[in-house]
Amino acid sequence: MTTEARRKWSTFAWTALSYIVVFLLVFPVLWMALTGFKTEIAAISVPPILFFQPTLDQFLLAIQGGFGAYVRLRSSTVKMDGACRRDPAGISSDKEGENPSRRKSKVS
């Protein structure tokens, strides 16, 4: 094989590998987005339904439900933010003398 032929083959192989990796990364996101437009029965059917009549019923149900998931997510985010501010390194130490705010007071 000549150098030019090897270079063409290498370019083709890297291009094909790149397309496969992109497909593997994008396909699950696309599948989730399409599932949002299915009815509940169509979304959980086995085998999956590839051709379906799109509907916005599930989005309407979420909007009428008051976005409860959004409220819980916001609450969790606020709690996580508070925990990170107290212990930014993510390392809490209970050993005596290492963290002055956790020292036990000596009572005589």
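The rows are residues; the columns are (1) surrounded by 10 or more Cβ atoms within 10 Å (Cβ to Cβ); (2) at pLDDT 85 or above; (3) part of a loop (DSSP other than H, G, I, E, B).
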residue: 22; (1), (2), (3): yes, yes, no
residue: 27; (1), (2), (3): yes, yes, no
residue: 33; (1), (2), (3): no, yes, no
residue: 37; (1), (2), (3): yes, yes, yes
residue: 41; (1), (2), (3): no, yes, no
residue: 55; (1), (2), (3): yes, yes, yes
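For residue 50, indicate whether it is at pLDDT 80 or above and assigned to a loop (DSSP other than H, G, I, E, B). Show your work before the answer.
Working: at pLDDT 80 or above: yes; assigned to a loop (DSSP other than H, G, I, E, B): yes.
In short, yes.
The values are calculated or read from the model by the stated rules, or taken from the named source; none is laboratory data. What you are looking at is a predicted structure, and each value in this text was computed from that prediction instead of being measured. Cβ: placed from backbone, ideal geometry, glycine included. Neighbour counts: every protein chain shown.
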